[in-house]
Structure formats: C-alpha cells, structure tokens
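Please read the structure below before turning to the comments.
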Amino acid sequence: MNSIELLRGAVLRKAREEAERIVASARESAKRILEEARERKRAVVEAERSRVLSELDYEARVAEAKVRARILVSKARHEVVSRAISKALELLESLPPEVRLASLRNLLEEAVEEVERSLGRASGLVVYVSERDAQLARGAADEVARLRGVELELRTTGISGGVVVEDREGRVRVDNSYDSRISALASRLSRGFMGETVL
C-alpha cells in the first residue's frame, strides 16, 4: 500500500474514532439532559402534589371544624330550647290558683270558639282537663257554658294543664293543653334557630 492510502486510512480511522467519540459524548449529554428534565419534572410534580395535598388537608380541617361548630351550635340550641321548656313547665306548675283559673277559662273559651267555628253551633262538648285542674275547671266550664249557651261535660286526662275540647262525636278536637302549647313553643324556637346560618 502506498503512503497516500495509509494516510487516508489513518485519517478515516481518526475521523471515525472522533465521530464515535462525538456521538458517544452526544449520547451521554442527551442522556444527562433527559435525566435532568425527568428530575425537574418529578420535582415539579412532587411540589404540586404536596401543594394539593396541603390544600386538601387544610380544606379537610376547615370542613371538620365547620362540622364541629355546627354540632356545638346544635347542642347549644337544643339546650336553650330544653331550658325554655323546663322554665315554662316550672312556671305553669307554680301558677297560683286564681291565675290558673283565668288561664283555664281563656283556653276553654278559645277552644269552644274554635270548635263552633269548625262545626257551627254545638249542643254539647267534651272538655278534658288534668286531674289537678278538675276542681278549678268546673267553675270555668260553668261560666263558659252559661256565656256561650253550650253544654260542657268535664273529663280528666293525662295532660299537665290547660284544656282539650272536642264535640261529642269526636269530629273536631282542639288541643289547648299546656303540653301542646309548650310543644308549639319548642317548635317555634327550633324553627327560629333553623333560620340562623352557621359558618
């Protein structure tokens, strides 16, 4: 072989080696750049995941706090209603006889009027009172019967006070007992509380 061919072979070999070195270096650089890009992407994804989890944790804590607050408020409302009912019962139990008589008379007049409004003129009505109020109720019933021109039959039942009036056939019943009045009060108090928003 002549020297030109040897020189040409050496240059080609050198060029090939240089090309392989450049390609290997480029592959190594590309691999490193890809790995760095993956690492940056992982870091970004991890940071976003941490941020989202942190927000979710915060939102979960806020939601849990709201639920606890609602439970506390609900318990407080229930306690207020219970205390109001207890106080009302205490007050009704401690009414002096003359006040209790006036209460029975008013509740009886109102109930008789309501029954007559529903049925028209009634000839006879049944009036239920508590065992405790039977004596007082007799005087109130006599007075209302005379004023309204209706016969009233007194019976005792298991109420705490007040009256329940119905026609003899049981078609219309008006419950003016203390129990139903207190129940209505509790309902109004509860509904009044329901209108208030919490958190």
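The values are calculated or read from the model by the stated rules, or taken from the named source; none is laboratory data. It should be emphasised that the depicted structure is a prediction, and the values quoted were computed from it without experimental measurement. Glycine also receives a Cβ, built like all others from the backbone with ideal geometry; neighbour counts cover every protein chain displayed.
Points to keep in mind about this one:
- When the criteria are applied in full, ARG168 fails the requirement of being in contact (Cβ under 8 Å) with a residue 12 or more places away in the chain, of a type in the set (D, E, K, R) and in contact with an Asp or Glu (Cβ under 7 Å, 6 or more places away or on another chain).
- Exactly one residue among SER25, SER86, SER3 is exposed (fewer than 10 other Cβ atoms within 10 Å of the Cβ) and of a type in the set (S, T, N, Q), and that residue is SER3.
- Yes/no for SER190 being more than 30 Å from GLU64 (Cα to Cα) and either more than 37 Å from the chain's Cα centre (by Cα) or surrounded by 13 or more Cβ atoms within 10 Å (Cβ to Cβ) (or both): no
- Residue in the stretch 172-191 that is at positive phi and either in contact (Cβ under 8 Å) with a residue 60 or more places away in the chain or of a type outside the set (Asp, Glu) (or both) present: no
- Pairing residues of the stretch 77-91 that are closer than 21 Å to GLY162 by Cα with residues that are modelled with pLDDT of 85 or more, at Cβ distances under 8 Å and at least 6 apart in sequence or on separate chains, gives ILE85/ILE182; ALA88/ILE182; LEU89/SER160; LEU89/TYR178; LEU89/ILE182.
- Set side by side, the residues ARG138, ARG132, ARG121, ARG173 differ, and just one is farther than 24 Å from ALA88 by Cβ, surrounded by fewer than 17 Cβ atoms within 10 Å (Cβ to Cβ) and at pLDDT 90 or above, which is ARG138.
- Exactly one residue among ARG105, ARG100, ARG83 is out of contact with any helix residue (DSSP H, G or I) (no Cβ under 7 Å at 6 or more places or on another chain), part of a helix (DSSP H, G or I) and modelled with pLDDT of 85 or more, and that residue is ARG83.
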